[in-house]
Amino acid sequence: MTEHIIDPSILDAENARREADLRRDYETLGERLDRRGIAVDAIKEKVAAFSVAVPSWGVGTGGTRFARFPGLGEPRDIFDKIEDCAVIAQLTQATRTVSLHIPWDKADPNRLKQAASRFNLGFDAMNSNTFSDTKGQLKSYKFGSLSAADKATRDQAIEHNLECIEIGKTIGSKALTVWIGDGSNFPGQTNFTTQFSHYLDSMKAIYAALPDDWRIYTEHKMYEPAFYSTVVQDWGTNYIIATELGEKAFCLVDLGHHAPNVNIEMIVARLAQFGKLGGFHFNDSKYGDDDLDAGAIDPFRLFLVFNELVDAEGRYKDFHPAHMLDQSHNVTDPIESLMLSAADVQRAYAQALLVDRKALKAAQEANDALAATQQLRTAFRTDVEPILALARLEQGGAIDPLATYRAAGYRQKVAEIRPAVESGGGGIV
Ligand code: LRH
Ligand code: MN
Ligand code: MN
């Protein structure tokens, strides 16, 4: 039986206050969509089946390289993090899995599995970390990991990824995400070609250990922490990697890892067209890899990404990219941010499902630019909140996750058990 952290009587009371209004709103929206030839219940079903993974590292307060200001009741370890993830899942019913980062979340894999299964949570992709050093580690990653000039350093980084696969096997994960910070800070510091060859050789060794039913995702990022060149800097290099490695290798698109104004939705379309779109790290940004909450800055862009995904769903067989959040919460309660972001990702999906694809195609073929773009705008401007809220309610979640979470006083309760953490300089990514 699934355990619930938020008292069901509080959840029921909060829902009872909102249910009648919600049902009226849903009915009105249903009538309006019906006039557009859309069955609201069918959209709701798809929304209900949609899930986005929560990153374990997202439930702790993030920071910048200048400072970190922890909040109340910070999770002490991965088991507290799993409980926080369970709260997000219970209230949103949109986050059925957790994505772990090793070694940050290292613990007995059987205990991890048990802890998650109490709340009926599964594990999404494992994330390896060779972008920072761990205590006791023999070789430093200061000058790179999988692409380092030093062979022993590369071997150690390979070994770490193999360990992530092993942990993942025990806990039921089916994917490994590899992001490295390798690159250089000065022109001439490294040889681009040698470095990339090292990287490919290392990745081939990891790929060789990947179980048949697993996928490996490589994540590109334009810059940071290396500021002159980065080994896996863009989707072009990422596509080469996935192609070189083989059919279990796919590209992961982290929305924040592109230059401002880059047409990410088009990258998504290209990768999908050539069978190499593996999945996403959703977040939002204004300037760079800001890791702001998904949907917080440019919800239209998120919608355009989902517009491509829905288009691809209708085109390709076996198309099932992984959906994960990857954001850093510096000034908000991470649970609140993650709940709203999960809903915003779902919202973009629901809006994209409303696009009249037949009318869009006809407008495109008639070169009617305005009619075509109008199809997208109409879908984007539709307030789909009643669909999301009813999908949550019907699955046992909260009509209003934020209000319910606050009414339940979860943060105050855990703050009594979890010791306060002092503010400090230099935070995590
Ligand atoms: C790098 C990144 C990558 C890491 C995570 C902590 O910027 O997006 O996915 O694993 O942040
Ligand atoms: Mn990421
Ligand atoms: Mn990032």
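For Arg111 and Thr64, calculate 0.36 nm times their separation in residues minus their Cα-Cα distance, and state this gained length in nm to one decimal. Please list the in-between numbers first.
Details: separation 47, 0.36 × 47 = 16.92 nm, distance 3.15 nm.
Contour length minus Cα-Cα distance gives 13.8 nm.
From the P(r) of the stretch 318-429, can you give the percent of Cα pairs sitting at distances over 25 Å? Don't jump to the answer; show the numbers that get you there.
Details: 2921 of 6216 pairs.
The proportion of pairs with Cα distances above 25 Å equals 47 percent.
What is the pair-distance distribution P(r) of the stretch 248-318, computed from all Cα-Cα distances in 10 Å bins starting at 0, with each bin given as a whole percent?
Pair shares across the bins are 21, 54, 23, 3.
Rg over Rh of the stretch 8-417, using C-alpha atoms and the Kirkwood radius, what does it come to?
Over the Cα atoms of the stretch 8-417, Rg/Rh equals 0.98.
Calculate one ³J(HN,Hα) per residue across the stretch 410-419 by plugging θ = phi - 60° into the Karplus curve 6.51 cos²θ - 1.76 cosθ + 1.60, and present them in order as whole Hz with x for glycine and proline.
Per residue, the Karplus-derived 3J(HN,Hα) values read 4, 4, 5, 5, 6, 5, 6, 9, 8, x Hz.
Note down the nm distance, to one decimal, between modelled labels 7 Å out along Cα→Cβ at Asp356 and at Arg35.
1.2 nm
Hey, what do the phi angles of the stretch 84-101 turn into as Karplus ³J(HN,Hα) couplings, whole Hz, using 6.51/-1.76/1.60 and θ = phi - 60°, x for Gly and Pro?
For the stretch 84-101, the Karplus curve yields 4, 5, 5, 5, 4, 5, 4, 7, 9, 6, 10, 9, 8, 9, 10, 9, 9, 10 Hz.
Can you give me the relative contact order of the chain as a percent, contacts being Cα pairs under 8 Å and 6 or more apart?
24 percent
Over the stretch 236-352, what is the mean sequence separation of C-alpha contacts under 8 Å (at least six apart), divided by residue count, expressed as relative contact order in percent?
26 percent
When only DSSP loop residues count, what trypsin sites (Lys or Arg not before Pro) in the stretch 139-235 have their Cβ near at most 12 other Cβ atoms within 10 Å?
Numbers: sites: Lys139, Lys142, Lys151, Arg154, Lys169, Lys174, Lys204, Arg215, Lys221; in loops: Lys139, Lys142, Lys174, Lys221.
Passing sites in the stretch 139-235 are Lys142.
Could you tell me which of Gly168, Phe380, Gln327 has its Cα farthest along the dipole of the stretch 8-417 towards the positive end, charges placed at Cβ (Lys, Arg +1; Asp, Glu -1), taken about the Cα centre?
Gly168
Within the set Lys135/Lys248; Lys276/Lys361; Lys135/Lys276; Lys135/Lys169, which residue pairs have Cα atoms separated by over 29 Å?
From the list (Lys135/Lys248; Lys276/Lys361; Lys135/Lys276; Lys135/Lys169), the Cα-Cα distance tops 29 Å for Lys135/Lys248; Lys135/Lys276.
So which GluC sites (Glu not before Pro) in the stretch 214-247 end up in coil per DSSP with only 14 or fewer other C-beta atoms within 10 Å?
In loop regions of the stretch 214-247 (DSSP not H, G, I, E or B), the sparsely surrounded GluC sites (Glu not before Pro) are Glu247.
Within a 10 angstrom radius of the beta carbon, how do Asp124, Asp21, Asp318, Asp254 rank from fewest other beta carbons to most?
On the way: Asp124 28, Asp21 12, Asp318 5, Asp254 22.
Ascending Cβ contact count within 10 Å gives the list Asp318, Asp21, Asp254, Asp124.
Do you know the relative contact order of the stretch 52-124, to the nearest whole percent, from alpha carbon pairs under 8 angstrom that are 6+ apart?
38 percent
For a quick check: with amide H placed at 1.01 Å from N, whose amide H comes under 5 Å from Ala125's, ignoring anything fewer than 5 positions away on the same chain?
Residues meeting the criterion, in which the H sits 1.01 Å from N, do not exist here.
We did not get these values from a lab; they are worked out from the coordinates using the rules stated. As the structure is a computational prediction, the values presented were derived from the model and not from experiment. Here the Cβ is made from the backbone with ideal geometry for all residues, glycine too, and neighbour counts use every protein chain on show.
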